[in-house]
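Quick one: the structure is below, and I'll ask about it shortly.
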Amino acid sequence: MADQPVVKTENLTKKYGEFVALDSLSISLDRGQILGFIGPNGAGKTTMIKILVGLARATAGAAWVAGHDCQTNSKKIKRLVGYMPDTFGSYDNMRVREYLDFFGAAFKIPRRERSSRIDSAMDTSNCSYMRDLYVETLSHGMKQRVGIARTLLHDPEVLILDEPANGLDPKARIEMRELLLRLGEMGKTLIVTSHILPELSRICDVVAMITKGKLRAFGTLDQIMREITTRRAFEIQLASSAQIEATDTIVREFVEADARTTVTSSNAESMVRFSTEFDDTKLADLLTMLIAQNIKVAQYREVVQDLEDAFLSVTAADEQPAESVETVSP
């Protein structure tokens, strides 16, 4: 059904002996959504990917792609999912078109359809001009686009891309971002892993953060930021460093009721920084107090938290077993 999730996992668990690689992971993705799948090395990302593409069986729980069970219908799953690993497998002395034709045959695409499929995949991934170039001569960015063309050959509904922007220069990274967004607009559902979090935050509709096999946060970026980074960071830019000490004292006295507040000062920058859970009304009172004390405030601004801040908050919490981070539902 069109209104059903394209990708869904429910209490997905995978154990290797006593080791729990994946622990009751539940997510849901709609058609055309892009999931940013984040976690440190060894967190369980690869394990979930293997289950989704039919290369591993779950110990407990279930996973579905377009309504098909990943465990009981793995042959169908391989037709529905396209996977591009982080390392690009290539063959010497093969031109790009030959390379794609080889994989088209491996996908059992009929010869009469293969040519049009290859042309379409190359056009979508902007690599048509490479058709007669040898694969081993391509730059890393060019190979990544050929890799996506290869992934698109069998027209999968779901694309799983492992570190697609890794090692790319700034221009190639922008081109990759535009390509992934275009694939989402085409109705493809994407699961993208990346350690380049600022880049990932520009394309993903939803984010899943996983550490030690457990899902620590899941939802839109805004939802996760509100849930995880409850403390807001502020900067007070002064007109002169001569008022740093006075400003620092006023801020510390004002926020002393917030036991977790941190206050730092920089004479070189004429800046006082602090974090707090105070609301806007209280923060406005602080600014009023500074002005009343004749503090020359050039700028009073909130420092916008980003995906890296949220990820660091999650991993920091994970290091404290007694605490947990609630999962956010989109």
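How far apart, in nm, are two points set 7 Å out from the Cα along the Cα-to-Cβ line at ILE291 and at GLU185?
Calculated label separation equals 4.4 nm.
Something else: Tell me what the chain gives for mean residue ellipticity at 222 nm when only DSSP H runs of n ≥ 4 count, each as -39,500 (n - 2.57), the sum divided by the residue total, rounded to 500 deg cm²/dmol.
The per-residue figure over the chain is -10500 deg cm²/dmol.
Which residue fluctuates the most in the chain, going by a Gaussian network model with Cα springs under 10 Å, if the choices are PRO110, PRO198, PRO85?
Evaluated over the chain, the most mobile residue of the options is PRO110.
While we're looking at this one, here's another question. Using a 1.4 Å probe, what is the accessible area per residue for segment 27-174, in Å²?
Each residue of segment 27-174 exposes 47 Å² on average to a 1.4 Å probe.
So if the hydrodynamic radius of the chain is defined as the Kirkwood radius over C-alpha pairs, what does Stokes-Einstein give as its diffusion coefficient at 20 °C and 1.002 mPa s, in µm² per second?
95 µm²/s
Between VAL303 and ARG95, with labels modelled 7 Å along Cα→Cβ, what's the label distance in nm to one decimal, could you check?
So the label points at VAL303 and ARG95 sit 5.5 nm apart.
Give me the percent of the accessible area of the chain that comes from carbon and sulfur atoms, probe 1.4 Å, all protein chains in place.
Roughly 48 percent, rounded to a whole number.
Taking Cα centroids, how far is segment 42-103 from segment 241-256 in Å?
56 Å
For segment 64-149, what size does the Cα cloud have along each of its three principal axes, sorted from largest down, in whole Å?
Between the extreme Cα coordinates on each principal axis of segment 64-149 lie 41, 31, 22 Å.
In addition: Using a 1.4 Å probe on the protein heavy atoms only, what accessible surface does THR249 show? Give it in Å² to the nearest 10.
60 Å²
Can you tell me how much longer the chain between ARG112 and ASP69 gets when fully stretched, taken as 0.36 nm per residue apart minus their C-alpha distance, in nm with one decimal?
12.4 nm
On to the next question. What is the sum of charges, Lys and Arg at +1 and Asp and Glu at -1, for the other residues whose Cβ falls under 10 Å from the Cβ of MET84?
Computed value for this residue: -2.
The values are calculated or read from the model by the stated rules, or taken from the named source; none is laboratory data. These numbers were taken from a predicted model, which means no experiment stands behind them. As a convention, Cβ positions derive from the backbone with ideal geometry for all residues, glycine included, and neighbour counts pool all protein chains shown. These accessible areas exclude ligands, DNA and RNA; they are computed on the full protein's heavy atoms, side chains included. Shrake-Rupley method; radii C 1.70, N 1.55, O 1.52, S 1.80 Å.
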